[in-house]
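A.B. asks: Sharing a structure below in structure tokens format, with a few things to ask.
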Amino acid sequence: VVSAEGRAFCAGVSVEDHLPPKARPMIAAFHEIFRRLRALPCATVSVVQGAALGGGCELACFADLVVAADTASLGVPEIKLGVFPPIAAVPFPDRIGWTRTLQLITTGDVLAAAEAHHLGLVDRVVPQGNLAAAVEETVGKLRDKSAAAIRLTRRAAMAAGGDFEARLSEVEG
């Protein structure tokens, strides 16, 4: 379970971190997080409250299942800074389709949780006060399944999406 405390899930990194000399090491470290999440032998669930923007949105939506409070907002507004979100460009098309991905990353729009759910970025939206219970219910649905079967199913689904490393390298290039 990937979650956060406080008002926001993650509002991304500051503009200064997108500039040399910080940008390349920051991006390399950030992308390593996604490589490690993909390598996990279990299903992942993200819990989104408040804003999940930029890298925060990428992190939240990279999980296998995304549960969000009805007050959450998600978006990848990097285009407004003259850059693009490379992680979003790789898994988002598998999650929401190419057209919706392009719409989201080229406009930089920030979506309310209900709209993100409608697009398929979020799997479940619940009232803020019910978020913890909804996450526990979601995790419970995974807990009572075979860990080996989930591991193999997850691996098969990822293979069907193509080579993540190759796609990420191409996007980074």
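The values are calculated or read from the model by the stated rules, or taken from the named source; none is laboratory data. What you are looking at is a predicted structure, and each value in this text was computed from that prediction instead of being measured. In this analysis, Cβ positions are derived from the backbone assuming ideal geometry, glycine residues included, and neighbour counts consider all displayed protein chains. Remember, those area values only see protein heavy atoms, side chains included, never the ligands or the DNA or RNA. Shrake-Rupley method; radii C 1.70, N 1.55, O 1.52, S 1.80 Å.
A.B. asks: I'm trying to understand the selection: among the residues of the range 106-126, which are open to solvent by less than 20 Å² (accessible area, probe 1.4 Å) and assigned to a helix (DSSP H, G or I)?
C.D. replies: Correct list: Ala113, Ala116.
A.B. asks: Same structure, new question: Which of the residues that make up the range 94-103 are open to solvent by 10 Å² or more (accessible area, probe 1.4 Å) and either touching a residue at least 40 places away in the same chain (Cβ under 8 Å) or outside any loop (DSSP other than H, G, I, E, B) (or both)?
C.D. replies: Asp94, Arg95, Ile96, Trp98, Thr99, Arg100, Leu102, Gln103
A.B. asks: Return the total of residues in the range 79-93 being touching a residue at least 60 places away in the same chain (Cβ under 8 Å) and more than 13 Å from the chain's Cα centre (by Cα).
C.D. replies: Matching residues across the range 79-93 total 2.
A.B. asks: Go through the range 127-164 and give me each residue that's of a type in the set (A, V, I, L, M), surrounded by fewer than 13 Cβ atoms within 10 Å (Cβ to Cβ) and within 18 Å of Val90 (Cβ to Cβ).
C.D. replies: Ala157, Ala159, Ala160
A.B. asks: For Phe84, indicate whether it is out of contact with any strand residue (DSSP E or B) (no Cβ under 6 Å at 6 or more places or on another chain), surrounded by 14 or more Cβ atoms within 10 Å (Cβ to Cβ) and part of a loop (DSSP other than H, G, I, E, B). Outline the logic, then answer.
C.D. replies: Numbers: out of contact with any strand residue (DSSP E or B) (no Cβ under 6 Å at 6 or more places or on another chain): yes; surrounded by 14 or more Cβ atoms within 10 Å (Cβ to Cβ): yes; part of a loop (DSSP other than H, G, I, E, B): yes.
Considered against the rule, which asks whether it is out of contact with any strand residue (DSSP E or B) (no Cβ under 6 Å at 6 or more places or on another chain), surrounded by 14 or more Cβ atoms within 10 Å (Cβ to Cβ) and part of a loop (DSSP other than H, G, I, E, B), Phe84 comes out as yes.
A.B. asks: Tell me yes or no: at least one residue of the range 134-153 is touching a residue at least 24 places away in the same chain (Cβ under 8 Å), over 21 Å from Ala39 (Cα atoms) and of a type in the set (Gly, Ala, Ser).
C.D. replies: Scanning the range 134-153 turns up at least one residue that is touching a residue at least 24 places away in the same chain (Cβ under 8 Å), over 21 Å from Ala39 (Cα atoms) and of a type in the set (Gly, Ala, Ser).
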